[in-house]
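Single-structure report; data block below.
The values are calculated or read from the model by the stated rules, or taken from the named source; none is laboratory data. Model, not experiment: these values are computed from the prediction. In this analysis, Cβ positions are derived from the backbone assuming ideal geometry, glycine residues included, and neighbour counts consider all displayed protein chains. Note: areas computed on protein heavy atoms with side chains; ligands, DNA, RNA excluded. Shrake-Rupley method; radii C 1.70, N 1.55, O 1.52, S 1.80 Å.
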Amino acid sequence: MKRSDSKQIRVRFAPSPTGPLHIGGSRTALFNYLFAKKNGGRFILRIEDTDLERSEQKWTDQIIEELKWLGIDWDEGPDIDGNFGPYKQTQRLDLYEKYLEKLLKENKAYYCFCSQEELEQKRQDQMSRGLAPKYDGKCAGLSKQEIERNIATKKPCVIRFKVPSKKVKIKDLIRGEVEFDAGLLGDIIIAKSLNTPLYNFAVVVDDYEMKISHVIRGEEHLANTLRQVLIQEALGFDRPVYAHIPLILNSDRSKMSKRFGDVALADFHKKGYLSEALVNFMVLLGWNPGTEKEIFSLSQLEKEFSIEKVQKSGAIFNLQRLDFINGLYIREKSLEKLAELCKPYLKEAGLLVVGQVSENKLQKIVEVSRTRMKKLSEIVELSDFFFYDKLKFDKDLLQWKGVGERETKESLEYSEKVLSEVKEWELKSLEKELFFASEKFNLEKGYQQNNKGYLLWPLRVALSGKEYSPSPFEIAEILGKEKTLKRISESLKILV
């Protein structure tokens, strides 16, 4: 059963379709993909769906959809097939049965009929004596006749693998040499029946049959490696090369989990994070390029990624860092493309009614908003005032520092007069007229000459209804003269 063609690099990402694809799994897929690309190998997508109660096709579909959204393609998988399929475990049950029967026949595995109550009693007894709980091997010596009788009467059972008592050393590309003591395990369960294999057995068979050369996965799987290596040895399989990437941690260095915010890739997708930004962010969760460079495209990573530069220590998930990177990618998008990406969020919020806003105007709205956007969904909060017929806000917001309502009203009236006389309604002209008006207004009122807030703050709030927004020149140009003057008039009505 030795491989004759094990030189080709073949890696796999093998998610279970029991829920959405999470950031941790996405990063594992990315590292496998980049390793294959860098080394001229093949990347395989395998669906481990033997958990029949929890596995659903909708999760398989979402996993495929989200990986494609990230730009991660595979050479073999459930949707494109290949020479080593099928690529869903539920379609490979005959294969698992063959290897289970081989282990049973060679007395390397056996049927165990111990009840859960009996196992729990043994566990409690061992713990009370200060021993690490493990199966005592009671059913390993059952006669063939007793086994057949129990099976014939459908007595509940599992299949256990006989674990040899020995030390096992594993060379890990990231963690170096790792030593395990197999004697601490006890005989492990590898299947519930001949056609119901468990994870550690099925994965060993699949990796061998699919000629997987390197297993790159999360550190949480390190404990499974000993079990899998022992089964490989019992079946006469070659051992793949292992690389266990570090855990993703919260800012307090606790393990990242569903309890701490959104970790499903689809959640980040829906909130408006760009695929390029997530790829860039995820690769830095454990990989260090060895330079000061932090911004990488997927094509650059395909050339520069190296498994040797993956760190051992946990990687901190810094949401602020992700926001920063996403903001960079947003600002690099062409205005036309960014407007298209923002449309779904504006439509969902009921702001963008098809036909009521021209493409040109939409692009201008996006342009003045994008410098402050950290994710696409923020376009709604940043630009909603452009789409409303009438604004609602606290009149106190109109007042510049240390200025009362009367002075604020005078400021808005001054702006209204100036803008009503503007002939050329475009950004540069509006900016020139209002800057000049600000200087003149301050001089007339005896205000600090270089402080433009006396005139421009009330105007900006009157046009946006917000404490933070683009400049009044940018807003006025997009709103148009009629709507700009209308908003100033409405603001004057709420003042004394």
Exercise. Open to solvent by less than 80 Å² (accessible area, probe 1.4 Å) and in a loop (DSSP other than H, G, I, E, B), is that true of Gly130?
Worked result: yes
For this session: State which residue is surrounded by the fewest Cβ atoms within 10 Å (Cβ to Cβ) when the search covers only region 211-233 and only residues that are touching an Asp or Glu at 6+ places or on another chain (Cβ under 8 Å) and in contact (Cβ under 8 Å) with a residue 60 or more places away in the chain.
Result: Lys211
Seminar exercise, completed: Restricting attention to region 414-425, the residues that are in a loop (DSSP other than H, G, I, E, B) and surrounded by 11 or more Cβ atoms within 10 Å (Cβ to Cβ) number exactly 2
Seminar exercise, completed: Just one listed residue, out of Ala339, Ala266, is in contact with a Leu (Cβ under 9 Å, 6 or more places away or on another chain), surrounded by fewer than 21 Cβ atoms within 10 Å (Cβ to Cβ) and more than 27 Å from Ile174 (Cα to Cα), and it is Ala266
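Looking at this structure, is Ser429 closer than 29 Å to Cys342 by Cβ, polar (S, T, N, Q), without any contact (Cβ under 8 Å) to a residue 12 or more places away in the chain and assigned to a helix (DSSP H, G or I)?
In short, yes.
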Problem set entry | Selected residue (criterion: nearest to Leu495 (Cα to Cα)) from residues of region 369-383 that are assigned to a helix (DSSP H, G or I) and open to solvent by less than 20 Å² (accessible area, probe 1.4 Å) | Ser383
Problem set entry | Identity of the residue in region 95-120, free of Cβ contacts under 8 Å to residues at least 40 places away in the same chain and part of a helix (DSSP H, G or I), that ends up most open to solvent (accessible area, probe 1.4 Å) | Lys105
Seminar exercise, completed: Filtering region 435-480 for residues that are open to solvent by less than 70 Å² (accessible area, probe 1.4 Å) and either among the aromatic types (Phe, Trp, Tyr) or part of a helix (DSSP H, G or I) (or both) leaves a count of 26
For this session: Taking Gly85 as the residue in question, decide whether it is open to solvent by 50 Å² or more (accessible area, probe 1.4 Å), outside any helix (DSSP H, G or I) and more than 22 Å from His221 (Cα to Cα).
Result: no
For this session: Assess whether Lys452 counts as being farther than 14 Å from Leu479 by Cβ, under 46 Å from the mean Cα position of the chain (by Cα) and among the basic types (Lys, Arg).
Result: yes
Exercise. Which residue pairs have Cβ atoms closer than 9 Å, lie 6 or more positions apart in sequence or on different chains, and pair a first residue in region 355-369 that is farther than 16 Å from Pro472 by Cβ with a second residue that is assigned to a helix (DSSP H, G or I) and at pLDDT below 95?
Worked result: none
Exercise. So is Gly25 small (Gly, Ala, Ser), part of a loop (DSSP other than H, G, I, E, B) and either open to solvent by 10 Å² or more (accessible area, probe 1.4 Å) or in contact with a helix residue (DSSP H, G or I) (Cβ under 7 Å, 6 or more places away or on another chain) (or both) or not?
Worked result: no
Exercise. Checking Phe386 against (1) surrounded by fewer than 19 Cβ atoms within 10 Å (Cβ to Cβ); (2) more than 29 Å from the chain's Cα centre (by Cα); (3) closer than 15 Å to Ser464 by Cβ, which single condition isn't satisfied?
Worked result: (1)
For this session: Considering each of Arg321, Arg259 in turn, give the residue that is open to solvent by 40 Å² or more (accessible area, probe 1.4 Å), at pLDDT 95 or above and more than 29 Å from Val241 (Cα to Cα).
Result: Arg321
Exercise. Can you find a residue in region 59-70 that is open to solvent by 50 Å² or more (accessible area, probe 1.4 Å) and either of a type in the set (Ser, Thr, Tyr) or in a loop (DSSP other than H, G, I, E, B) (or both)?
Worked result: no
